[in-house]
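The values are calculated or read from the model by the stated rules, or taken from the named source; none is laboratory data. Owing to the predicted nature of the structure, the values given are computational and were not obtained by experimental measurement. Reconstructed Cβ throughout: ideal geometry from the backbone, glycine too, with neighbour counts over all protein chains shown. Calculation scope for accessible area: heavy atoms of the full protein, side chains included, ligands and nucleic acids excluded. Shrake-Rupley method; radii C 1.70, N 1.55, O 1.52, S 1.80 Å.
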Amino acid sequence: MSGLAVLGATGSIGRSTLDVAGRHPDRYPVVALAAHRDVETMLDLCRRHGPRLAAMADADAARELERRLAVEGLKTEVAAGPAGLEAVATHPEAAQVMAAIVGAAGLPPALAAVRAGKRLLLANKEALVVAGRLFMEEVGRAGVTVLPIDSEHNAIYQCLPPGSGSLEAKGVSRILLTASGGPFRTWPVERLARVTPEEACAHPNWNMGRKISVDSATLMNKGLEVIEAHWLFGAEPDRIHVVVHPQSIVHSLVQYVDGSVLAQMGNPDMRTPIAHALAWPERIDAGVAPLDLFDVGRLDFEAPDLKRFPCLGLAFRAVREGGTAPAVLNAANEVAVAAFLNRRIGFLDIPRVIEGVMEAMPAAPVASLEQLLAVDAEARRRAEAQVKALEDRA
Ligand code: NAD
Ligand code: MG
């Protein structure tokens, strides 16, 4: 059994994953794909990869996909809704599952893959932000391997010694999480108030989905990654330092007590961490251009500006408060980013909405997944009300 299942197959990470797998079709046969409602792209992926199963979260999209597959005489079976996503995540012929749905929507199928004993390639950082402790407990119970796809966490994974010991036992003093700084790194705060969705989605180094592009512009992406690193590597927040590195060549670093600092470098192309995770502990060709250091020329590093980018501070606050706080942060952020992308609120309103919701919903201890999903829903309602209030005032 060597099959690959991809959740979020039509997205940026999903398509990059299928690009890498398609370079090694005998090694990674694609057995199951899932997406939200982009029928055209899913149909194209079915033509190219011939999966046994394709699921659409949206029921109308699933019906349309089924009809189009039949017209072309393709044999792929179709499933719909949450059960369809779960069928992809637990497909009996899949040995590994790429979790690349965006947002908390990706949590249930990613957990299902873990419970089914699949090796998990985790791009969906929001799953860990919402339910980090429960998620890692399930990983421990199932005894599965989780390979980080986020380029920073993949870099840290590569710079850490193997094995499950604590960072302390491994002699690690700090994790240095690099951040490009996003498209507005040098912009004055007055200009940030008038930023458009198009400007926010035009990332200088990476070509990504719209939600993570806005997160990169607010630095919330780095905040979510601090929380992700906390759970993946058992790193206390004080051990995680964010370093702005505009070239995005050093993907993160691990500092040891003896003074050594190990870094992982490469061109900013997500196919590198994807190929690393797919083949781990072996290495395969990813289709990525070799790094040319003379071309890069120089590497710069600077401290993040928490005044202009308050989202990073809010995320540190959430991870320190613990309990339900990161789930509240994440849900409010998802609503605020969608409202910004729909031109309902301004760029600087994003942290205002998140902070308002965090104030209204103090951290509580986490008891169950059901509780977290209820907190997620409540935070979304409150964020939506704040968006509405900002709209009415404008
Ligand atoms: P994207 O918007 O390009 O793709 C998202 C995918 O999720 C699509 O296939 C979409 O159909 C699917 N999806 C969305 N909502 C869904 C729902 N309710 N049910 C089922 N499927 C749904 O996003 P992306 O840039 O590929 O990012 C995916 C994840 O990977 C995010 O969590 C992001 O933070 C993370 N990530 C992305 C990058 C990158 O370079 N793009 C890098 C690091 C981490
Ligand atoms: Mg990242």
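Laid out as a table, the results:
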| item | result |
| --- | --- |
| Any hit, region 240-258, residues being within 17 Å of residue 121 (Cβ to Cβ), of a type outside the set (Gly, Ala, Ser), more than 13 Å from ligand 1 (Cβ to nearest atom) and out of contact with any helix residue (DSSP H, G or I) (no Cβ under 7 Å at 6 or more places or on another chain) | no |
| Filtered residues of region 215-244 (kept if within 13 Å of ligand 2 (Cβ to nearest atom), touching a residue at least 60 places away in the same chain (Cβ under 8 Å), under 13 Å from residue 337 (Cβ atoms) and among the small types (Gly, Ala, Ser)) | 223 |
| Every residue from region 146-167 that is touching a residue at least 60 places away in the same chain (Cβ under 8 Å) and more than 16 Å from ligand 1 (Cβ to nearest atom) | 159, 160, 166, 167 |
| Residues located in region 1-10, provided they are part of a loop (DSSP other than H, G, I, E, B), over 11 Å from residue 45 (Cβ atoms) and of a type outside the set (A, V, I, L, M) | 2, 8 |
| Matching residues, region 88-100, being open to solvent by 10 Å² or more (accessible area, probe 1.4 Å) and within 16 Å of ligand 2 (Cβ to nearest atom) | 100 |
| Filter result (closer than 19 Å to residue 103 by Cβ and under 19 Å from the mean Cα position of the chain (by Cα)) within region 193-206 | 200, 201, 203, 206 |
| Residue check, residue 168 surrounded by fewer than 17 Cβ atoms within 10 Å (Cβ to Cβ), over 14 Å from the mean Cα position of the chain (by Cα) and farther than 29 Å from residue 322 by Cβ | no |
| Residue match in region 102-114 (condition: within 16 Å of ligand 2 (Cβ to nearest atom), among the β-branched types (Val, Ile, Thr) and open to solvent by 10 Å² or more (accessible area, probe 1.4 Å)) | yes |
| Any hit, region 244-254, residues being closer than 19 Å to residue 162 by Cα, hydrophobic (A, V, I, L, M, F, W, C) and assigned to a strand (DSSP E or B) | yes |
